[in-house]
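Written out below as structure tokens is the structure these notes cover.
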Amino acid sequence: MTFELTDELVDSIISALDNQEKKFVIDAENNSLVEINDEITCDEEVFYEIPSWTSKDGFSLMERFVNELHSPMARTDLLNVLRSGRGVFRGFKDVLKSYPEVEKRWHFFKNKELIVYINSWYNSLRETWGLEQIDCEVEETEELLHDDFVFTPFYFESDRNDIYKCLDSATFDNVENWPSEIESALSDLIKDKTQRYLSKDSCGFVCRSILKDFIGSAVFSPCLGNAPNTVLLTSFFVQQKFRGLGIGSELLEQSLTELKSRHFKWVLIADIFITDTLTPLLIRTGFKKLGSGYILSLFAE
């Protein structure tokens with residue numbers, strides 16, 4: 001007897017794989033999952049054993065997720081849990097509670113991987129039944145970034161104070177070996193430049209959580225003097241806890257699209273402190289090194 005792998009059955013199997021205390025089988029006659037008891041035997045005719053899943057498999061899945069994670073703070077905390085050797089599964093869940101956006105990505109990643117795993121197992125059964133294989137891949141239709149964050153055009157009157165507040169508490173990469181005075185000096189320099197150039201003529205985008213908390217911004221200001229076609233990067237940052245989730249890329253992409261619509265031709269970055277995490281993004285976007293800064297042609301031939 002065969003059975004159909006419905007979405008409901010897949011969800012039941014995923015829940016069963018997470019349950020290390022009870023054993024379940026598939027009742028092909030009713031196309032459902034039932035707990036094993038003295039009256040049920042896995043005969044591979046009516047009752048089918050679900051795919052095996054051990055704590056070792058679960059640990060391996062967590063490792064793959066962390067290795068692909070680009071959020072530095074969350075990745076460090078999760079790696080510490082995986083290397084601790086005790087209470088790993090509970091510790092992993094506890095850390096994720098401190099990073100709700102990463103936690104959502106984990107559940108999406110885990111669900112996708114388990115669906116592929118279950119589909120592959122089901123195909124092995126279909127082969128014995130002489131049936132055609134189903135597609136194991138899972139379409140990534142969920143736009144996680146825009147589910148968790150809101151991107152809106154920069155508005156001077158309402159957004160500038162949030163930018164200033166974030167700069168007051170900004171942290172910098174690769175300065176941990178320097179005196180705290182150096183970080184303070186860098187912070188003062190960046191705040192001074194931002195306050196000097198930020199104006200009602202500035203444009204760009206800001207990111208907020210769905211609860212309206214300010215997350216980051218990418219704002220550009222027209223250059224003063226005889227450069228009407230050029231803008232200067234005035235503010236580009238994402239709060240440390242939210243870095244590595246793609247927010248910076250989205251802010252930059254939407255801002256550059258807006259600058260093109262306003263017919264600007266050049267974008268200059270003249271910051272004295274370009275972080276290691278920012279540089280690859282700039283290069284991918286098309287920026288070229290110019291002295292200690294970067295330049296981008298918005299209408300490159």
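The values are calculated or read from the model by the stated rules, or taken from the named source; none is laboratory data. Model, not experiment: these values are computed from the prediction. Note that we place each Cβ from the backbone using ideal geometry, even for glycine, and neighbour counts take in every protein chain shown.
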Here are some conditions: (1) more than 25 Å from residue 10 (Cα to Cα); (2) surrounded by 14 or more Cβ atoms within 10 Å (Cβ to Cβ); (3) not aliphatic (A, V, I, L, M). Residue 106 meets all but one. Which one does it not meet?
-> (1)
Can you name the condition, by its number, that residue 201 falls short on among (1) at pLDDT 90 or above; (2) more than 15 Å from residue 168 (Cα to Cα); (3) out of contact with any Pro (no Cβ under 8 Å at 6 or more places or on another chain)?
-> (3)
Of the residues in region 3-25, how many are assigned to a loop (DSSP other than H, G, I, E, B) and more than 32 Å from the chain's Cα centre (by Cα)?
-> 5
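Find the residue count for region 18-30, including only residues that are at pLDDT below 90 and surrounded by 14 or more Cβ atoms within 10 Å (Cβ to Cβ). Break it down into steps so the answer makes sense when it comes.
The initial filter retains those residues of region 18-30 that are at pLDDT below 90, namely 18-25, 27-30.
From the residues that got through so far, the ones that are surrounded by 14 or more Cβ atoms within 10 Å (Cβ to Cβ) too are 23-25, 27-28.
Residues flagged as at pLDDT below 90 and surrounded by 14 or more Cβ atoms within 10 Å (Cβ to Cβ) within region 18-30 amount to 5.
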Within the bounds of region 248-265, is there any residue that is over 27 Å from the mean Cα position of the chain (by Cα), hydrophobic (A, V, I, L, M, F, W, C) and either modelled with pLDDT under 90 or not in a loop (DSSP other than H, G, I, E, B) (or both)?
-> no
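Looking at region 228-242, can you tell me whether even one residue there is part of a loop (DSSP other than H, G, I, E, B), crowded, with 20+ Cβ neighbours inside 10 Å and at pLDDT 90 or above? Can you show your working first?
Of region 228-242, the ones part of a loop (DSSP other than H, G, I, E, B) are 228-229, 239.
Pick out the ones that are also crowded, with 20+ Cβ neighbours inside 10 Å and you get none.
No: region 228-242 contains no residue that is part of a loop (DSSP other than H, G, I, E, B), crowded, with 20+ Cβ neighbours inside 10 Å and at pLDDT 90 or above.
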Yes or no: residue 101 of a type outside the set (Ser, Thr, Tyr), within 16 Å of residue 243 (Cβ to Cβ) and in a helix (DSSP H, G or I)?
-> yes
Which condition does residue 70 not pass, out of (1) part of a helix (DSSP H, G or I); (2) closer than 30 Å to residue 209 by Cα, if it passes all the others?
-> (1)
Residue 95 fails exactly one of (1) assigned to a helix (DSSP H, G or I); (2) hydrophobic (A, V, I, L, M, F, W, C); (3) touching a strand residue (DSSP E or B) at 6+ places or on another chain (Cβ under 7 Å), namely (3)
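Sort out which residues of region 26-60 are in a loop (DSSP other than H, G, I, E, B) and of a type in the set (Gly, Ala, Ser), and write them in order of number.
Of the residues in region 26-60, the ones in a loop (DSSP other than H, G, I, E, B) are 28-31, 36-46, 50-54.
Matches in region 26-60: 28, 52.
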Taking interchain pairs and intrachain pairs at least six residues apart, which have beta carbon atoms under 7 angstrom, with the first residue in region 38-61 and of a type in the set (Gly, Ala, Ser) and the second not in a helix (DSSP H, G or I)?
-> 55/20
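Please find, among 65, 89, the residue that is more than 23 Å from residue 8 (Cα to Cα), under 16 Å from the mean Cα position of the chain (by Cα) and assigned to a helix (DSSP H, G or I).
Numbers: 89 fails: under 16 Å from the mean Cα position of the chain (by Cα).
65 is the lone residue from the list that is more than 23 Å from residue 8 (Cα to Cα), under 16 Å from the mean Cα position of the chain (by Cα) and assigned to a helix (DSSP H, G or I).
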Which ones in region 196-218 are in a strand (DSSP E or B) and farther than 16 Å from residue 260 by Cβ?
-> 206, 207, 208, 209, 214, 215, 216, 217
